[in-house]
Amino acid sequence: MSRVLVNQLNVREGPSIGSQSVAHYDAGQMINSGDAIILNEGRKWLRYTGSSGNQRYVCAINNDGSKYVDYPPHLPEIPCGLRVVEYGWTLTAYCSCSQCCGKSDGITASGYQLKSSDHLRICAAPENIPFNTVINISGGWNGTVVVKDRGGAIKGKRLDIFCKSHQEANQFGRKPNCTISY
């Protein structure tokens, strides 16, 4: 839950001062747990699901730095225009060896030739996420990757992050409960 710190706080349909105000909170009232902080207009907007079932937004931190809402510090910050796909993604890692890929030519499903400089920058994703999509990841691991590959085991809410060696892929391990946005 997030607590309102100012006398009155407008609830908006979108993360913008110009967005329709649909309700308000008074000082001390609690807001449903938000799922993200949206960055727009120099402000930080708490996004949450209202009692209507619709996504709603309140200004958590104004453009002058004034804090309007005390919200959980673990929420991902996402530039406006990106959308959170969902929570609960699991990250694993792979390299271009035959043990990880069944082949060792370093060519991904999109035809991209992997290089060691792609370490932690390329991923294999489920087919519903198009090739060349830039994905921001937060939670168990923070970073930005580009979808260049698929994989037989990459189904559901799982991403496989490219590592330059098999040892580094093993060290990366399994990272559950990540949030992705693109």
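Every read-out reported here was derived from the displayed coordinates using simple, explicitly stated rules and does not represent laboratory data. Model, not experiment: these values are computed from the prediction. A quick note on method: Cβ atoms are made from the backbone with ideal geometry, for glycine too, and the neighbour counts reach across all protein chains shown.
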Report summary line: Yeah, the range 2-79 with a ≥ b ≥ c from its alpha-carbon gyration tensor (a/c under 1.5 is rounded, else prolate when a/b outruns b/c, oblate otherwise) is rounded
Requested in this report: With label points built 7 Å along Cα→Cβ from the Cα atoms of Asn54 and Cys80, find their separation and express it in nm.
Outcome: 1.8 nm
Requested in this report: Read phi for every residue in the range 94-110 and hand back ³J(HN,Hα) as whole Hz from Karplus 6.51 cos²θ - 1.76 cosθ + 1.60, θ = phi - 60°, with x for Gly and Pro.
Outcome: 8, 10, 8, 6, 5, 5, 7, 10, x, 7, 9, 7, x, 9, 7, 4, 8
Query - Ratio of Rg to Rh over the chain (Cα coordinates, Kirkwood Rh, two decimals) - result: 1.09
Query raised in the report: Quick one: Cα centre-to-centre distance for the range 135-170 and the range 1-62, in angstrom?
Result: 32 Å
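Pairs of alpha-carbon atoms within less than 8 angstrom and 6+ residues apart define the contacts here; what relative contact order does the chain have, in percent? Numbers along the way, then the final one.
On the way: 429 pairs, mean separation 37.9, N = 182.
Taking the mean separation of contacting Cα pairs over the length of the chain, I get 21 percent.
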Report task. For a footprinting-style exposure proxy, rank Phe162, Phe172 by other Cβ within 10 Å, fewest first. Result -> Phe172, Phe162
Requested in this report: Count neighbours as other Cβ atoms within 10 Å of each site's Cβ, and list the GluC sites (Glu not before Pro) in the range 30-93 that are DSSP loop with at most 15 such neighbours.
Outcome: Glu41
Query raised in the report: Classify the range 84-181: rounded, prolate or oblate, from the alpha-carbon gyration tensor (a ≥ b ≥ c, eigenvalue square roots; a/c under 1.5 rounded; otherwise prolate if a/b is larger than b/c)?
Result: prolate
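Over the range 2-79, calculate the relative contact order: mean separation of alpha carbon pairs under 8 Å at least 6 apart, over the residue count, as a percent. Intermediate values should be presented prior to the final figure.
Numbers: 179 pairs, mean separation 25.6, N = 78.
Once normalised by length, the contact order is 33 percent.
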Requested in this report: Pull up all non-local amide H partners of Phe162: gap of 5 or more, or a different chain, and H-to-H distance under 5 Å with H placed in the peptide plane.
Outcome: Tyr94, Leu120, Arg121, Ile122, Cys123, Ala124
Query raised in the report: Nearest-5 percent of antiparallel DSSP beta bridges in the chain?
Result: 75 percent
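So what is the calculated 222 nm ellipticity per residue for the chain, using -39500 (n - 2.57) for each DSSP H run with n of 4 or more, over all residues, to the nearest 500 deg cm²/dmol? List each step's numbers first, then the result.
Numbers: 2 runs with 11 residues, N = 182.
Taking each H run of at least 4 residues, the total per residue is -1500 deg cm²/dmol.
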